[in-house]
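Enquirer: Right, I'll just put the structure down here and ask away after.
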Amino acid sequence: MDLLGLISQLFASGITMGAIYALVALGFVTIVRASQIINFAQGEFVMLGGVLAFFFIKGAGFSYPVAALMAVISVVIIGFLLHLLVVYPLRKASALIVLMATLGASIVLSNTSALLFGTLPKTLPPFSGDLSVQLGGIRIASQSLWVLGATFCLLLALHLLAHRTLVGKAMEASSTDPLGADLAGISRNLMVFFAFGVSAGMGSIAGVLVTPLFYTSYSAGTLLGLKGFIAAVLGGWGKNSGAILGGFALGIVESVSVAFIPAGYKDGVAFVVLLLILYFRPKGILGSPFIDSRRW
Amino acid sequence: MKVFRKCAVLTMVAALLLAWPILAQAAGKAPYKIGVNLELTGPWAEVTKTVKQAMTMEVERINAQGGVDGHPLELVIEDNGFDLGRAAVNMIKFARNKEIPVVLGPWEDPLQATTRAIAEREQITNIIFCPSNPMVRGLKQRWSFNIAQSDINVSQRLVELCLARGYKKVLVFPGNWPLALSLAEYFKQFGEEKGIKVIVSRETHKPTDIDMTPQLIKLKPIIEREKVDAFYACTGGPPGPIIVKNLRALGIKTPVIGTHAFGFGFIIALGGAAMEGVEFAAGKSVVPDQLDENDPVRPIIIDFDKRMRARYGQGLDQIAGHAHDAIWLVYDALKRCQGKVTRAQFRDALEATKGFKACHGIYTYSPTDHDGLSKEDLVFIRIEGGKFKRIMFPGFK
């Protein structure tokens, strides 16, 4: 295999990882747009999606699709509870305190998962068996195609939610111009509440999608959450399109970098990319509504 | 007056109640306390739970049989949470307790260097569950003993597997931690002595890597160019099944061989169908029901397996086997201690263990060998139909 073949194969594997990062990044952005809160429990939603789906199949004996659906619904409920129990009581506190609170919640969630479901790594069977598809010189696992397809559908659904439904429009309005939305009678707290649900839903779907490809365990959420956060900053902090672009960019850069450096440094690449972005373009690729570009 | 009499009776009853344990003690003999320093919380919680269960069961069994010459055994269990600091604190705590002659644990490799150093300084025997590594072996510490199969034995046995299968060229993909790297190194050394070409990949992986595809994509050209006969996933824990899964998804059909760390049920569950045909060498407790009729440790394994199933509903595995062996090695050494058990006497007795049969094989310690087992204690195993199946080759015992 020549270098070109190698890079194209790495590119293909990077896209899959990128889709997952994009979903996590989008979860961060959904909440930050609604409330300016950085929710560090975002990675735990991904972990819980996988772990709960595993539990519903192995522990409770449901069929795969039912278990996956129930896992997503449970995580959405956990997302709502996170808002009600952690974020809402602190609505008058400073952003830093809320940030610490979500960090605490993430530790509680991961350790609860360890207590309830055990610490051994878990995995789910691939949706359509251990098939892999040959495209030209590239080989792709069928689960990767599922990840890409489902991510695309999810993004489409989010787009429709934001632009075609009343709730979605209200959420958009509240995040674009909070004061204007307040004046129009949109409850900002309710919108933040919904944002947590949507974000938890996205995280858990990412978890169900990615678990068959790799595996999940109670501590898997931290790294995924961090990578998603980096992706969101990379693309443009606070922009949906930025989160998606950032996610795919990060996944691809990380994977393709392996062609040139030893793979042991793969995780480091994401953080180097973050540093470079913070040095040279702090507002991200697509710019950020939260960072005043005139200062840079 | 009446009140006074009542008081007197009450005082006598109370005094009797208070004195009861001492009286009872005098009847039996003082227990031998065993310190246990385990990762009961953290990533290894589920694994060490089995260790704790198996040890508790064996100690109860020994005590029911009358203990060691009338002295019951007593476990003093402390959790170290897979944290170096806490493991060290536990070790010092046990060392300062004069009633404890031996400490079992830790379970994981990153903690052993520290507890070994403390054992050496405080002069207390430390039995460690994980295999030794070249670095700690080089220190020639007197007070530490390992009970798992060493990297040398595993590598020797794996080379035999390759010879039996006729593999001439093997590509090694090691994990980037000391034990995995030393396994790879010994495999290369022993393999080349026997005429096998061993290529150790410069690409490595970490225990936390959840996707090995990028590394394997880089290795794929080497596999194709060099036409390797087997791919050695030199690793432990979740990376093992991940490597095999990613390898198969990339369409690489080369046979995979693994380390003894592949011999756990959850490894098959993680890897699914991709794990079919993976071969490795591991402890006999992986296949309790497939041992030779005349295997000297077979009765021990079958009996322990039966009791584990009856009590915890889960059969024997390598983890429970290690726990069983640790307790019985202590029992055996205590029995051979002459007269009063001191720490020095216990250490010498344990070092003098000769041909002691337990789940993982036959232990023989000596001043130059603190690893106990030999390569004959490992059997060849193949994953078939989602189960471990013992394979045998004529000419290789």
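The values are calculated or read from the model by the stated rules, or taken from the named source; none is laboratory data. Fair warning: this is a prediction, and the values are worked out from it, not measured in the lab. Note that each Cβ is placed from the backbone with ideal geometry, even for glycine, and that neighbours are counted across all protein chains shown. What goes into the accessible areas is simple: the full protein's heavy atoms, side chains included, and nothing from ligands, DNA or RNA. Shrake-Rupley method; radii C 1.70, N 1.55, O 1.52, S 1.80 Å.
Enquirer: Residues in the stretch B:54-92 near a label at B:Ala310, defined as backbone nitrogen under 20 Å from the 7 Å Cα→Cβ point?
Expert: Zone members listed by number: B:54-67.
Enquirer: Okay, next question. Could you pull out the trypsin sites (Lys or Arg not before Pro) across the stretch B:217-290 that fall in loop regions by DSSP (anything but H, G, I, E, B) with no more than 15 other Cβ atoms inside 10 Å?
Expert: Details: sites: B:Lys218, B:Arg225, B:Lys227, B:Lys245, B:Arg248, B:Lys253, B:Lys284; in loops: B:Lys227, B:Lys253.
Qualifying residues, ordered by number: B:Lys227, B:Lys253.
Enquirer: Ignoring everything but the protein chains, give the 1.4 Å probe accessible area of B:Lys168 in square angstrom, nearest 10.
Expert: 130
Enquirer: While we're on this one: Taking springs between alpha-carbon atoms closer than 10 angstrom, which of A:Val198, A:Val208, A:Val133 fluctuates most in the Gaussian network model of chain A?
Expert: A:Val133
Enquirer: So, one more: Roughly what would the spin-label model give for A:Leu69 and A:Asp182, points 7 Å off Cα along C-beta, in nm?
Expert: Calculated label separation equals 4.1 nm.
Enquirer: So what are the ³J(HN,Hα) numbers for the stretch A:8-15, from phi and the Karplus equation (6.51, -1.76, 1.60; θ = phi - 60°), rounded to whole Hz, Gly and Pro as x?
Expert: Result, ordered by residue: 5, 5, 5, 4, 4, 6, x, 4 Hz.
Enquirer: How much accessible surface area, in Å² rounded to 10, belongs to the heavy atoms of A:Leu183 with a 1.4 Å probe?
Expert: Its heavy atoms expose roughly 150 Å² to the probe.
Enquirer: Treating the beta-carbon of each Lys and Arg as +1 and of each Asp and Glu as -1, no other charges, what is the dipole magnitude of chain B about its Cα centre, to the nearest 20 debye? Walk me through the intermediate numbers first.
Expert: Values: 52 positive and 43 negative charges, 120 e Å.
It comes to approximately 580 debye.
Enquirer: Still on this structure: Within a 10 angstrom radius of each residue's Cβ in A:116-125, how many Cβ atoms of other chains show up on average? Whole number is fine.
Expert: That average works out to 6.
Enquirer: From the square roots a ≥ b ≥ c of the eigenvalues of the alpha-carbon gyration tensor of the protein assembly as shown, which class results: rounded (a/c under 1.5), prolate (a/b over b/c), or oblate?
Expert: On the way: a/c = 2.32, a/b = 1.36, b/c = 1.70.
Oblate shape, in that a/c is at least 1.5 and b/c is the bigger or equal ratio.
Enquirer: Amide H neighbours of B:Val200 under 5 Å, counting only residues 5+ apart in sequence or on other chains, H built in-plane at 1.01 Å?
Expert: Hits under the 5 Å cutoff: B:Val172.
Enquirer: I've got another one for you. Where a ≥ b ≥ c are the square roots of the eigenvalues of the C-alpha gyration tensor, would you call the stretch A:37-176 rounded, which needs a/c under 1.5, or, failing that, prolate if a/b is larger than b/c, or oblate?
Expert: Details: a/c = 2.10, a/b = 1.33, b/c = 1.58.
Judged from the Cα gyration tensor, the stretch A:37-176 comes out oblate (a/c at least 1.5, b/c at or above a/b).
Enquirer: I need to check one value: relative contact order of the stretch B:63-212, counting alpha carbon pairs closer than 8 Å and at least 6 residues apart, in percent.
Expert: Numbers: 193 pairs, mean separation 22.5, N = 150.
Result for the stretch B:63-212 is 15 percent.
Enquirer: Give me the percent of the accessible area of the stretch B:127-236 that comes from carbon and sulfur atoms, probe 1.4 Å, all protein chains in place.
Expert: On the way: 2190 of 4030 Å².
Summing carbon and sulfur atoms, their accessible area is 54 percent of the total for the stretch B:127-236.
Enquirer: Pairs of Cα atoms under 8 Å, at least six residues apart: use those to get the relative contact order of the stretch B:31-121, whole percent.
Expert: On the way: 131 pairs, mean separation 38.6, N = 91.
This gives 42 percent for the stretch B:31-121.
Enquirer: Given the protein chains as shown and a 1.4 Å probe, how many square angstrom of B:Glu376 are accessible, to the nearest 10?
Expert: Surface open to solvent at B:Glu376 totals about 80 Å².
Enquirer: Please list A:Asp2, B:Asp229 from largest to smallest accessible area, probe radius 1.4 Å, with all protein chains kept in place. Could you put the intermediate results ahead of the total?
Expert: Numbers: A:Asp2 100, B:Asp229 55 Å².
Ranked from most to least accessible, the order is A:Asp2, B:Asp229.
Enquirer: Here's something else I'd like to know. Roughly how large is the A-B contact in terms of buried accessible area, totalled over both chains, probe 1.4 Å, nearest 100 Å²? Intermediate results must be reported in sequence, preceding the final value.
Expert: Working: alone 14290 and 18100 Å², together 29710 Å².
So the buried area, both faces added, is about 2700 Å².
Enquirer: Tell me, what ³J(HN,Hα) does each residue in the stretch B:301-309 have, in order and in whole Hz, if you take phi through Karplus 6.51 cos²θ - 1.76 cosθ + 1.60 with θ = phi - 60° and put x for Gly and Pro?
Expert: Each residue of the stretch B:301-309 in turn: 5, 5, 5, 5, 4, 5, 5, 4, 4 Hz.
Enquirer: Can you pick out the pairs among B:Lys194/B:Lys227; A:Lys227/A:Lys283; B:Lys197/B:Lys220; B:Lys206/B:Lys389; B:Lys52/B:Lys357 whose Cα atoms lie more than 27 Å from each other?
Expert: On the way: B:Lys194/B:Lys227 19 Å; A:Lys227/A:Lys283 17 Å; B:Lys197/B:Lys220 17 Å; B:Lys206/B:Lys389 29 Å; B:Lys52/B:Lys357 21 Å.
Over 27 Å apart, Cα to Cα: B:Lys206/B:Lys389.
Enquirer: Let me ask you something else. Peptide B:204-216: average number of partner chain Cβ atoms within 10 Å per residue?
Expert: Values: counts 3, 3, 4, 0, 4, 5, 12, 10, 2, 15, 14, 5, 4.
Per residue, the average neighbour count from other chains is 6.
Enquirer: May I ask you to find the residues of the stretch A:1-50 that are shielded by at least 10 Å² of accessible area once the whole protein assembly is considered instead of their isolated chain (probe 1.4 Å)?
Expert: Residues meeting the cut-off: A:Met1, A:Leu6, A:Gln9, A:Leu10, A:Ser13, A:Met17.
Enquirer: Under 1.5 on a/c is rounded, so check that first for chain B, then, if it is not, pick prolate when a/b is larger than b/c and oblate when it is not; a ≥ b ≥ c are the square roots of the alpha carbon gyration tensor eigenvalues. Don't jump to the answer; show the numbers that get you there.
Expert: Working: a/c = 2.20, a/b = 2.19, b/c = 1.00.
Prolate shape, in that a/c is at least 1.5 and a/b is the bigger ratio.
Enquirer: Over the stretch A:168-296, what is the relative contact order in percent, taking alpha-carbon pairs closer than 8 angstrom and at least six residues apart?
Expert: Values: 105 pairs, mean separation 25.5, N = 129.
Reported as a whole number, the value is 20 percent.
Enquirer: As a check on your grasp of the helix formula, calculate [θ] at 222 nm for chain A: sum -39500 (n - 2.57) over DSSP H runs of n ≥ 4, divide by the residue count, round to the nearest 500. The partial results should precede the final answer.
Expert: On the way: 11 runs with 200 residues, N = 296.
The per-residue figure over chain A is -23000 deg cm²/dmol.
Enquirer: Give the angle, between 0 and 90 degrees and rounded to the nearest 10, that separates the Cα long axis of helix B:109-122 from the longest principal axis of the Cα atoms of chain B.
Expert: 40
Enquirer: Sort B:His322, B:His71 by heavy-atom solvent-accessible area, probe 1.4 angstrom, most to least. Before the final figure, lay out the partial values.
Expert: Values: B:His322 15, B:His71 40 Å².
So, going from the largest accessible area down, we get B:His71, B:His322.
Enquirer: Show me the ranking of peptides A:241-250, A:85-94 by mean Cβ neighbours inside 10 Å, starting with the highest. Kindly include the intermediate steps, with their values, before the conclusion.
Expert: Details: A:241-250: 24.8, A:85-94: 13.3.
Taking the mean over residues of other Cβ atoms within 10 Å, the ranking is A:241-250, A:85-94.
Enquirer: Roughly speaking, to the nearest percent, how much of the stretch A:174-296's 1.4 Å accessible area is carbon and sulfur? Mind dumping the intermediate values first?
Expert: Details: 3520 of 5110 Å².
Carbon and sulfur atoms account for 69 percent of the accessible area of the stretch A:174-296.
Enquirer: If the limit is 22 Å between Cα atoms, which of B:Lys218/B:Lys253; B:Lys49/B:Lys306; B:Lys284/B:Lys335 go over it?
Expert: Numbers: B:Lys218/B:Lys253 16 Å; B:Lys49/B:Lys306 18 Å; B:Lys284/B:Lys335 26 Å.
Flagged as over cut-off: B:Lys284/B:Lys335.
Enquirer: Once every DSSP H run of n ≥ 4 in chain B is given -39500 (n - 2.57) and the sum is divided by its residues, what mean residue ellipticity at 222 nm do you get, rounded to the nearest 500 deg cm²/dmol?
Expert: Working: 13 runs with 184 residues, N = 397.
The per-residue figure over chain B is -15000 deg cm²/dmol.
Enquirer: Turning to a different aspect of this structure: In square angstrom, what is the accessible area per residue of the protein assembly as shown with a 1.4 angstrom probe?
Expert: Numbers: 29710 Å² over 693 residues.
Normalised by residue count, the accessible surface of the protein assembly as shown is 43 Å².
Enquirer: When the solvent-accessible surface of protein heavy atoms is calculated with a 1.4 angstrom probe, in what order do A:Ile97, B:Ile34 fall, highest first? Before the final figure, lay out each step's value.
Expert: Details: A:Ile97 85, B:Ile34 0 Å².
Sorted by accessible area, descending: A:Ile97, B:Ile34.
Enquirer: Same structure again: Non-local amide H neighbours of B:Val256 (under 5 Å, H modeled in plane, Pro and chain starts lacking H): which ones?
Expert: For B:Val256, the qualifying residues are B:Phe231, B:Glu279.
Enquirer: Tell me which GluC sites (Glu not before Pro) from the stretch B:260-356 have a DSSP coil assignment and no more than 10 other beta carbons within 10 Å of their own.
Expert: Working: sites: B:Glu276, B:Glu279, B:Glu293, B:Glu351; in loops: B:Glu276, B:Glu293.
Passing sites in the stretch B:260-356 are B:Glu293.
Enquirer: What average count of beta carbons from other chains do you get within 10 Å of the Cβ of residues in A:255-264?
Expert: Working: counts 4, 1, 1, 7, 3, 0, 0, 7, 17, 8.
The per-residue average across the peptide is 5.
Enquirer: Quote the FRET efficiency, to the nearest 0.05, computed for A:Arg91 versus A:Phe290 with a Förster distance R0 of 30 Å and r equal to the Cβ-Cβ distance. If you can, show how the numbers build up before the last one.
Expert: Working: r = 19 Å, r/R0 = 0.63.
For R0 = 30 Å, the calculated efficiency reads 0.95.
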